[in-house]
Amino acid sequence: MARLLKKNSAGEPEVLELNLGVNRFGRHPENHFPVDHPTISSAHCEIILTADAVLLRDCDSTNGTFVNDAPVKEAVLRVGQTLRLGDVEFLVEATDVTIAIPKIERPRPAPPVVLPDGAMLCPRHAKARVTYRCTHCHSVLCDTCVTRMRRKGGKTLKLCALCSHPVEPLDAEKPKKRSLLALLQKTIKLPFARSKRQG
């Protein structure tokens, strides 16, 4: 990460690690980097650390902000340059930015408990029976685990709480399809039944 070395009259220089975004320097203790020196203004300058550069901006300080002894209002800081706020000097040691995205491991639920009758208990809700399976990740879910989304003028979508894909009911009786023959028999019998009643 980008670093400044604050020069001290005695002893080792102080290492200042810049944070991503705005870093405020000044005499006031609420600054990100308070510098207690009479030549430093309360809000002296800002150093903005981006993915591409380290930008310096003077905040209308009384005694000025200098890069390699040249007064600046705004500047891009580079490695090896000397930054001076009033009479306090810093060395720009590094300007690199490391952005790391942490990998978050989601704990996997324990496998479902299978009951003697073949039904399963939900891995997330210990007393609830499994009633759905995800069509995508194949996780088993109880009724509580299923996310329901109502569409205006449409069916309610039932979605997996883990991956948001549709779920299907387990062991649900699918409606029996009537055969064409059964439909014809019912249709043909009705007129005959009426004629018998009339006669």
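What follows is calculated from the coordinates using simple rules that are stated; it is not laboratory data. None of these values were measured; they are calculated from a predicted model. When we count neighbours, we look across all protein chains shown, and the Cβ atoms used for this are built from the backbone with ideal geometry, even at glycine.
Worth a mention:
- Kirkwood radius, segment 59-105, all distinct C-alpha pairs, inverse of mean reciprocal distance: 12.6 Å.
- Label-point separation, residue 155 to residue 137 (7 Å along Cα→Cβ), nm: 2.3
- Per-residue HN-Hα couplings for segment 10-20 [Karplus 6.51, -1.76, 1.60; θ = phi - 60°; Hz; x = Gly/Pro]: 10, x, 5, x, 8, 8, 10, 8, 6, 9, 5
- Other residues whose C-beta falls under 10 angstrom from the C-beta of residue 14 contribute a net charge of +1, scoring Lys and Arg +1 and Asp and Glu -1.
- Annotation: amide H of residue 41 within the under-5 Å range of 27, 62, 63, sequence separation 5 or more or interchain, hydrogens built in the peptide plane.
- The string of couplings for segment 127-139 from the Karplus curve (6.51, -1.76, 1.60, θ = phi - 60°) is 9, 9, 7, 6, 10, 9, 10, 6, 6, 9, 8, 6, 5 Hz, one whole number per residue in order, with x for Gly and Pro.
- Translational diffusion coefficient (Stokes-Einstein; Kirkwood radius from C-alpha pairs) of segment 45-146 at 20 °C, 1.002 mPa s, in µm²/s: 113
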